[in-house]
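The values are calculated or read from the model by the stated rules, or taken from the named source; none is laboratory data. Bear in mind that the values here come from a model prediction, so they are computed numbers and not experimental data. So basically every Cβ, Gly included, is an ideal-geometry build from the backbone, and we count neighbours across all protein chains shown. Areas reflect the complete protein model, heavy atoms only, side chains present, ligands, DNA and RNA absent. Shrake-Rupley method; radii C 1.70, N 1.55, O 1.52, S 1.80 Å.
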Amino acid sequence: MTDPTALPNFPPPADEHPLRGRMLDVINDLGTIPVIDDDGDIAITVGEPAQQLFVRCTDGDLPIFRVFGQWVIGDAAPADDLVRLERCNDFTLQLNVAKVGIANGNLIVTADHVVTPDTDLSPLFQLTVNLVLQVVSAWFGSWEQGRHEASESGGS
């Protein structure tokens, strides 16, 4: 008799979560190891340094996938939540797909796409992951730019 713990971890049946099944195929094809968490989201680790992102898939008449992540803000930005939220608002208003916000002291960046059965998910997914990571980098970098400008003008 075979040890059940030695059996491979098969994805859910395609008709149970069709979009998530498609996304798992895309993620596996890219050589990334996905993990389905307790909420049903796909957790992945990408980039250098390693960043954990999540993919949430919602099936229905208009299937949607969301790539999102959260990052501890720490000392990278002023402690004033209103100032942080204003910067998030500035970014969100400038972006086409991504949204930037704060929850529990963490920066949250999300990007959503409506997909059809014909949507080529691989390039869309790769672009979305890159977008989310670039937005995070730009948001944190925007505070550094402000500090640099203040020190050049003699500010503190």
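What does the charge count around CYS88 come to, taking other residues whose C-beta lies under 11 Å from its C-beta (Lys +1, Arg +1, Asp -1, Glu -1)? Please report the intermediate quantities before stating the final value.
On the way: positive: ARG84, ARG87, LYS99; negative: ASP81, GLU86, ASP90.
Computed value for this residue: 0.
Largest accessible area first, the residues SER142, SER137 order themselves as SER137, SER142 under a 1.4 Å probe with ligands, DNA and RNA left out.
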